[in-house]
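These notes are about the structure you will find just below.
No value in this document is a laboratory result; all are computed from the given coordinates. This structure is a prediction, so every number in the text was calculated from the model and none was measured. Every residue, glycine as well, gets a Cβ built from its backbone with ideal geometry; the counts of neighbours run over all protein chains shown.
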Amino acid sequence: MAKLPIITVPNPLLKTVSAPVEEVDDNLRSLMDDMLDTMYAAPGIGLAAVQVGRPIRLLVMDVSEEDQEKNPQYFVNPVITWTSDELATYNEGCLSVPEQYADIDRPAECKISYLDYHGTEHNIHATGIFATCFQHEMDHLNGIVFIDYLSPLKKSIAVRKVKKLVKEEE
Ligand code: K1U
Ligand code: ZN
């Protein structure tokens, strides 16, 4: 398994609508393994394929607590089939917008349909941080980053800070 470089704003690839995955095969599983390594190393609780430069409809997540067993999850061609009217607010971060955080409102619960690591279909009901993280990752597949929900001023400040950070790290 390998750790992959994560792209950051304002990389235009982050605005891409990712393409459906055609087949769950060993090549895709190898990418899923690498994405999981990359997410754990960052560290993060979710990662969309586009964040490692692959604009396909694939994401990985692990929202288990530090004192719990790891619970890696893989979502191929995920679809949100229902969202609750009730909203939840979470102070979100993003590995593509390092060190920037903002309170974002999203539906508190959602229903999801997806294929897993082996290509088996699942339909589940998501709540709590799982629902929040899943919707954040789904946004990535549709070319949306959480700072797109902020005012133009707050968004441009965040992008400027990320550019400075990335330059300092080079
Ligand atoms: O970039 C990403 O999409 C991953 C992002 C996911 C996310 C975080 C918070 C709310 C919604 C979605 C992250 O994982 S940022 C890092 C983070 O939240 C975290 C890192 C270590 C431990 C716990 C959380
Ligand atoms: Zn993100």
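Using the structure shown, select from 15/164; 3/70; 111/154; 70/155 the pairs with a Cα to Cα distance greater than 24 angstrom. If you can, show how the numbers build up before the last one.
Details: 15/164 21 Å; 3/70 18 Å; 111/154 31 Å; 70/155 33 Å.
Result: 111/154; 70/155 exceed 24 Å.
So, in nm, how far is label residue 125 from label residue 99 when the simple model puts each one 7 Å beyond its Cα toward the Cβ?
4.2
Are there any chymotrypsin sites (Phe, Trp or Tyr not before Pro) in the range 68-122 that are in a DSSP loop and have at most 14 other Cβ atoms within 10 Å? List them by number.
Details: sites: 74, 75, 82, 90, 101, 114, 117; in loops: 101, 117.
Passing sites in the range 68-122 are 101.
Lys/Arg Cβ at +1, Asp/Glu Cβ at -1, dipole of the range 35-102 taken about the Cα centre: which of 88, 59, 72 is farthest positive-ward?
Selected residue: 59.
How high is the FRET efficiency from residue 89 to residue 68, r the C-beta distance, R0 25 Å, rounded to 0.05?
Numbers: r = 24 Å, r/R0 = 0.95.
For residue 89 and residue 68, the calculated efficiency is 0.55.
Which of the aspartates and glutamates could a cross-linker span from residue 163 if the Cα-Cα distance has to be under 16 Å and same-chain partners fewer than 8 positions apart are dropped?
Answer for residue 163, where 16 Å is the Cα cut-off: 99, listed by chain and number.
Going through the range 1-94, which GluC sites (Glu not before Pro) have at most 12 other Cβ atoms within 10 Å and a DSSP loop state? Intermediate values should be presented prior to the final figure.
Numbers: sites: 22, 23, 65, 66, 69, 86, 92; in loops: 22, 23, 65, 66, 69, 86.
Sparse-neighbourhood loop GluC sites (Glu not before Pro): 22, 23, 65, 66, 69, 86.
Please list, in order, the residues from the range 129-168 whose amide nitrogen is less than 20 Å from a point placed 7 Å along the Cα→Cβ vector of residue 17.
Counting backbone N atoms under 20 Å from the label point, the list is 135-149.
Dipole magnitude of the chain about its Cα centre, charges +1 at Lys/Arg Cβ and -1 at Asp/Glu Cβ only, in debye to the nearest 20? Intermediate results must be reported in sequence, preceding the final value.
On the way: 15 positive and 27 negative charges, 191 e Å.
For the chain, the charge dipole is close to 920 debye.
If contacts are Cα pairs under 8 angstrom and at least 6 residues apart, what is the relative contact order of the range 82-170 in percent?
Values: 106 pairs, mean separation 20.9, N = 89.
Answer for the range 82-170 is 24 percent.
Given the -39500 (n - 2.57) contribution per DSSP H run of 4+ residues, what per-residue ellipticity at 222 nm results for the chain, rounded to the nearest 500 deg cm²/dmol? Don't jump to the answer; show the numbers that get you there.
Numbers: 3 runs with 48 residues, N = 170.
Mean residue ellipticity, 222 nm, calculated: -9500 deg cm²/dmol.
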